[in-house]
Structure formats: C-alpha cells, structure tokens
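Please treat every number below as a calculation from the coordinates, not as lab data. From a predicted model like this one, the values you see are computed outputs, not experimental measurements. For neighbour counting, all protein chains shown are included, and Cβ atoms are generated from backbone atoms with ideal geometry for every residue, glycine included.
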Amino acid sequence: MSGTIALVGSGEWLPVMADIEKELLENKPPVYVQLSTAAGQEGQKSLNHWNTLAIEQANRLNVESRWLPVFDKESANDPDLAKQIVGAGLIYLSGGDPTYLAETLRNSIVWKTIVEQWESGASLAGCSAGAMALTNWVPTMRLKIGKNNKDVAGLGMLPNLRVIPHFDRMLGWIPDIITRYLINTPKGVTLVGIDENTALVGSENEWIVKGKQSVWVLSNEGRTEFKSGQVLKLS
C-alpha cells in the first residue's frame with residue numbers, strides 16, 4: 001500500500017513543522033531520509049546548513065537522520081546512496097531550485113528507490129521545490145544568464161496536481177506566477193497554492209490541510225480557500 005504524501009509550502013525541518021513530520025512518521029520505521037538535491041548548486045555553506053537542519057529535526061523527532069549527499073546526476077545514480085533509502089519511514093525533498101531537482105532525479109537510481117519505498121508504505125514529503133517537482137510540470141523560477149531557462153517535466157508522482165509553494169508571498173516575488181501556471185495547467189489538473197508553514201497531506205484524490213495557514217485552489221474563475229483541518233477532494 002502506497003504511503004502518505006505531504007506537499008509543503010515552506011518550513012521543512014524546522015520546529016514549526018515538526019508536528020506534521022511526526023505524523024508522517026507515525027507507525028513507520030524511525031528512519032528519516034532527507035535530500036537537499038534542489039540546493040545542490042548553492043555551495044557547501046548552504047549544504048552544511050541543510051545538513052544541520054536535517055539532523056536537528058530528526059533529533060527532535062527521536063528518529064535516525066539519513067541526510068543523503070545527492071547533489072548531481074552522478075550521485076543520484078550511486079547505488080550505495082540509493083541503498084540508504086531502503087527502510088525509510090519518511091523521505092523528504094527539501095527546497096531550492098525545482099527544475100534542477102527534477103532534472104537531477106528523473107530516471108535515476110535514487111528516484112526509482114524513493115518510488116519503490118513509497119509504494120511499500122513510506123511517507124513522502126516535498127517542500128517548496130520538492131513539492132513542485134513531484135508533479136508533471138515544473139516552471140523555471142531562478143533565471144540564469146547564459147542558461148536555457150525553460151520549464152521542465154516534473155517527476156510525475158502527482159500528475160493531477162500543480163503546486164505553487166510560498167503562496168502567501170509568491171505573488172510579491174513573481175507577480176505573473178498564477179498566470180504562468182494557469183496557462184500550463186491542462187483540463188483535469190488542479191492548481192493549488194500552499195501558504196508558508198502549511199502542508200497538503202494525503203494521496204491521489206483526498207487531501208487535508210495542516211499547519212498555520214491555508215491552501216488555495218486556483219482557476220480562471222478565481223480562488224477557493226481551504227483552511228487547516230479542511231478536506232480537499234479531487235475528481
């Protein structure tokens with residue numbers, strides 16, 4: 001039986017979201033696999049920061065932290081790193097560059113192992129870039145000079161969803177983000193905005209909002225708010 005999925009607007013591995021991560025680990029092996037692949041291009045200082053957050057959160061939850069150094073396609077195809085995912089209770093993709101994350105993990109040994117563990121019952125979470133990459137389509141968020149700044153295919157775990165994280169702040173950063181998403185959201189796919197310190201937790205067609213703020217269903221007709229504790233059902 002496939003495990004639970006959590007799509008998180010922000011706050012991964014921080015005290016504010018510890019209760020949600022604790023729920024995702026309930027009745028699961030006390031093994032917390034954490035990947036900062038989306039931050040793989042940010043330099044060692046940033047990666048050290050993510051590693052520290054991962055260890056501190058696992059300590060709060062009293063579980064084993066396995067923060068895996070999967071930062072490029074070579075490491076994403078390292079069988080020894082993939083083996084460390086086996087037996088996880090919760091696998092979590094943290095934030096950073098969503099297109100880099102999707103391109104790095106797609107068709108890799110590490111991603112295939114993540115899917116296998118989720119299908120065996122492990123919980124799977126993605127925050128910010130991690131949440132975006134679990135869908136079928138990932139927009140370019142960080143324009144780079146001299147690079148091919150194009151949108152990419154996601155990892156395809158949730159083909160019936162599109163996700164805008166940091167929704168309560170994102171319009172201040174990228175004013176046209178909703179328009180960009182709506183243009184690229186086909187019929188039958190639901191577009192959701194997830195506020196910071198908030199998660200959409202569930203699987204496939206039934207989800208519940210957890211955390212401090214709200215989740216928004218977005219369409220050409222407007223937006224519908226779902227507050228913490230409310231259930232969101234998808235057709």
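Here the label points at residue 224 and residue 187, each 7 Å from Cα along the C-beta direction, are separated by 1.9 nm in the simple model. In this Cβ point-charge picture (+1 for Lys and Arg, -1 for Asp and Glu), region 5-233 has a dipole of about 400 debye about its Cα centre. Placing unit charges on each Cβ (+1 for Lys and Arg, -1 for Asp and Glu) gives the chain a dipole about its Cα centre, and among 90, 102, 120 the Cα reaching farthest toward its positive end belongs to 102.
Note on residue 42 and residue 150: the model spin-label points, each 7 Å out from Cα along the C-beta direction, lie 2.7 nm apart.
Step through the table entries 22/233; 45/210; 187/233; 83/112; 210/233; 45/112, compare each Cα-Cα distance with 22 Å, and write down the pairs that go over it. Over 22 Å Cα-Cα: 22/233; 45/210; 45/112. When GluC sites (Glu not before Pro) are flagged only if DSSP places them in a loop and at most 14 other Cβ atoms lie within 10 Å, the longest unflagged stretch of the chain comes out as 27-203.
Between the residues 55, 157, 171, the greatest Cα displacement towards the positive end of the dipole of the chain, with unit charges on the Cβ of Lys, Arg, Asp and Glu, is found for 171. Mean projection of the Cα convex hull over all viewing directions, computed for the chain: 12.1 nm².
Most fluctuating residue of 172, 130, 193 in a GNM of the chain with Cα springs under 10 Å: which is it? For the chain, modelled as a Gaussian network with Cα springs under 10 Å, the answer is 172.
Charged side chains reduced to their Cβ positions (Lys and Arg at +1, Asp and Glu at -1) give region 26-95 a dipole of some 140 debye around its Cα centre. Using the Cβ-Cβ distance between residue 22 and residue 120 with R0 set to 25 Å, the FRET efficiency works out to roughly 0.75. Remark: the Cα gyration tensor places region 112-217 in the oblate category, a/c being 1.5 or greater and a/b not exceeding b/c. Highest GNM mean-square fluctuation among 184, 51, 136, for the chain modelled with Cα contacts below 10 Å: 184. Across region 5-233, the relative contact order, built from alpha-carbon pairs under 8 Å that are at least six residues apart, equals 21 percent. When shorter helices are ignored and each DSSP H run of at least 4 residues is given -39500 (n - 2.57), the per-residue value for the chain at 222 nm works out to -8500 deg cm²/dmol. Anyone know which of 171, 161, 191 comes out most mobile in the 10 Å Cα GNM of the chain? Comparing 171, 161, 191 in the GNM, the peak value goes to 171.
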